[in-house]
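Colleague: A single structure is presented below for examination.
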Amino acid sequence: MKISKIQKKKRIHLRVRKKVSGTAERPRLSVYRSNKQIYCQLIDDIKEVTLACASSKDAAITASGNKVDTSFAVGKLLAEKALASKIENVVLIEVDIYIMVESKP
């Protein structure tokens, strides 16, 4: 039987999640983008806790109607919250690869 796109995406996600997990020092960055909003979280997988989060629904984000500008503002807000929590490194999961991103204050 043919595997659907959703099932393929789920398989890839689970395969990568077996290899990558976030810690308190280097949390996992989870990004979810819907048609209208964008949501970002920094997750500590060991304690199963969200350390910082930001979304385009936050009051600090002024929506200009442009998705690129809104996404940039959400990323900037998340970076400010992360630096306030003394988080400097994160692990970002992209489809079937993982990238270590280092922020520079």
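Colleague: Based on the alpha-carbon gyration tensor of the chain and its eigenvalue square roots a ≥ b ≥ c, which shape applies: rounded if a/c is under 1.5, prolate if not and a/b is larger than b/c, or oblate? Before the final figure, lay out each step's value.
Modeller: Working: a/c = 2.29, a/b = 1.22, b/c = 1.87.
Since a/c reaches 1.5 but b/c is at least a/b, the shape of the chain is classed as oblate.
Colleague: Okay, next question. Beta carbons within 10 angstrom, averaged per residue: use that to sort the peptides 1-11, 31-41, highest first. Spell out each step's value before the answer.
Modeller: Details: 1-11: 8.7, 31-41: 13.7.
In descending order of packing, they fall as 31-41, 1-11.
Colleague: Using just the helices of the chain, give the 222 nm mean residue ellipticity in deg cm²/dmol: DSSP H runs with n ≥ 4 each add -39,500 (n - 2.57), and the total is spread over all residues, rounded to 500. Display every interim value, and only then the final one.
Modeller: Working: 2 runs with 33 residues, N = 105.
Value at 222 nm, helices only, nearest 500: -10500 deg cm²/dmol.
Colleague: Using unit Cβ charges (K, R positive; D, E negative) and no other charged atoms, how large, in debye to the nearest 20, is the dipole of the range 5-102 about its Cα centre? Intermediate results must be reported in sequence, preceding the final value.
Modeller: Details: 19 positive and 11 negative charges, 148 e Å.
It comes to approximately 700 debye.
Colleague: Over 31 Å between C-alpha atoms is what I'm after, so list which of Lys10/Lys76; Lys10/Lys47; Lys2/Lys67 land there.
Modeller: Values: Lys10/Lys76 29 Å; Lys10/Lys47 23 Å; Lys2/Lys67 35 Å.
Table pairs above 31 Å Cα-Cα are Lys2/Lys67.
Colleague: By the scheme Lys and Arg +1, Asp and Glu -1, what is the net charge of all other residues having a beta-carbon under 12 Å from that of Thr50?
Modeller: Numbers: positive: Arg28, Lys47, Lys81; negative: Asp44, Asp45, Glu48.
It works out to a net charge of 0.
Each reported figure results from applying straightforward, stated rules to the coordinates on display, with no laboratory input. What you are looking at is a predicted structure, and each value in this text was computed from that prediction instead of being measured. Using ideal geometry, Cβ is built from the backbone for each residue, glycine included, and neighbour counts are taken over all protein chains shown.
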